[in-house]
Structures are given as C-alpha cells and as structure tokens.
Amino acid sequence: MCGRFALKTPKDEIKEYLGIDVCTTDLIENYNIAPTNNVSAIINHKEIKKLGNLQWGLIPRWAKDSNYQSKMINARSETLEEKPSFKEAFQNRRCLIIADGYYEWEQYSNEKKPHYIFHKTNKVFTFAGLWDIWLNPNNEKVKTCTIITTKANKTYAKIHERMPVVIERENQQQWLNTEETPESLKSLLLTPSEDTFQNYIVSQFVNSVKNNSPECIKLSENVSLFE
C-alpha cells in the first residue's frame, strides 16, 4: 500500500520537469504527507496539465458523508472496474499525484522499520491516481483523490505485498487523456520493474505524522550492514 509520502522539490523544478501548463497552488515542502492532507496532483483540464491540491482519501460524489475517506487512500488496480467507488472515476477522472518518495514499514523480529523509497532518477515521480468532487453539508466542493496500488515486485514484496503504480513521464499524457478507455490504460497499471526504485531505512522519527522535516528522510544511524 502507500500510506505516507514526501514532496520536497521546488514548484518551478516540478513544473519544468513534468511539463505542467497551469499551477493553481503554492507547493509547500512536506516530508510526511498523511491521509486527509492536501497533496499536489495533476489533472487534465480542457486538455492542459493543471497542477493543484487534492485531499488525500477519496470521497465518491454519491457518498452521504465523509466517512469513506479514511478507507479510500488506496485503490487496488485489479478491481478498479468493479468497485462502485472507483469505476466511474477510473473512466473519467484520473490524476497524477506528485512525490519525491514514499514510506513503507517492514516487519522485523520485534519492530517495524520504515523505508524511504524513491525513484531511481532521484527526481520527482507520479503515482497513478483517481479524483472526485464531493459536496459537503455546507454545499462546498471537496476535491479528493486516491493512489492506485498493485502487487509488489520481488524486491519490495519483502517490505510490503503492495506498492503504488507509477506513471512514468512518457506515459503521463496518455493517463490523463480523457479519451482513453480503461481497457487501453491497463498496460500502465503493471507492477513497477525491479529497478524503478531505490530505498534505505530511515529512523522512526517519521512514524509520527506530527514530524515534518528533512529528518524524516535521513538515513537511519542504527542500520546494520546486514539489513
């Protein structure tokens, strides 16, 4: 799964690297993005790549309340066309969620150790996502999203059985294109290859969502050479 991630690259670098046309928000460094936080995401708006904020945790537009949100931070790629919460969004509202890296906790003998997992290019990358608009009781629009996951590759299965789907730069326009069909997009929902990511163990400082600083992604000083 993916339940925590980081974004630290400056906005101008992101805009240039990902070819963003319009940016409607200021990007703030966040080394410990958690569910219900705002995330930086790209959507297709009138055939241009528009960067803005979405709240992490999908609330389907037909939901009566926001109770869905905490359960909808991830969507399994294998069942997107089956689940009512995701089916229509998969057809019509796909997004790209920007990250520098994400965290996953591996179970050791008596504790869980957090790994920081980042793209092999050491640059920002994008998770495949879905988004929706929900009207709250005050009739205000709440824009929310979810990160799509798939079966982990052999390298990362030892950390967790699931991992986020990554949309590489050359495939981003296809993913956002509203004329693409779910069938034509299935090839983009495959498990990332063994060499897509690198990782290292970080300290348990990141465990608390209250902690948000470069310390979150710092290599742990207590890592054994045999881990």
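The values are calculated or read from the model by the stated rules, or taken from the named source; none is laboratory data. From a predicted model like this one, the values you see are computed outputs, not experimental measurements. Neighbour counts are summed over all protein chains in view; Cβ atoms, including those assigned to glycine, are modelled from backbone coordinates with ideal geometry.
Results for (1) at pLDDT 95 or above; (2) part of a loop (DSSP other than H, G, I, E, B), shown as yes or no for each residue.
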residue	(1), (2)
Phe127	yes, no
Leu130	yes, no
Ile133	yes, no
Asn139	no, yes
Lys143	yes, no
Thr150	yes, no
Thr155	no, no
Gln174	yes, no
Glu179	no, yes
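Residues that are outside any loop (DSSP other than H, G, I, E, B) and either modelled with pLDDT of 95 or more or out of contact with any helix residue (DSSP H, G or I) (no Cβ under 9 Å at 6 or more places or on another chain) (or both) were ranked within the stretch 188-198; the one that is surrounded by the most Cβ atoms within 10 Å (Cβ to Cβ) is Leu188. Candidates in the stretch 199-227 are the residues that are exposed (fewer than 14 other Cβ atoms within 10 Å of the Cβ) and outside any loop (DSSP other than H, G, I, E, B); of these, the one that is nearest to the chain's Cα centre (by Cα) is Pro214.
Does the stretch 156-169 contain at least one residue that is free of Cβ contacts under 8 Å to residues at least 60 places away in the same chain, over 30 Å from Arg61 (Cβ atoms) and charged (D, E, K, R)? Yes, that holds for at least one residue. Filtered by the rule that a residue be in a strand (DSSP E or B) and farther than 12 Å from Ile98 by Cα, the stretch 1-55 gives Val22, Cys23, Tyr31, Asn32, Asn44, His45, Ile48, Lys49, Lys50, Gln55. Among the conditions (1) farther than 28 Å from Thr181 by Cα; (2) surrounded by fewer than 16 Cβ atoms within 10 Å (Cβ to Cβ); (3) in contact with a strand residue (DSSP E or B) (Cβ under 8 Å, 6 or more places away or on another chain), Asn30 misses just one, which is (2).
In the stretch 37-50, which residue that is modelled with pLDDT of 95 or more and in contact with a helix residue (DSSP H, G or I) (Cβ under 8 Å, 6 or more places away or on another chain) is surrounded by the fewest Cβ atoms within 10 Å (Cβ to Cβ)? Among them, the one singled out is Ile43.
In the stretch 68-77, the condition of being under 17 Å from Pro35 (Cβ atoms) and charged (D, E, K, R) is met by at least one residue.
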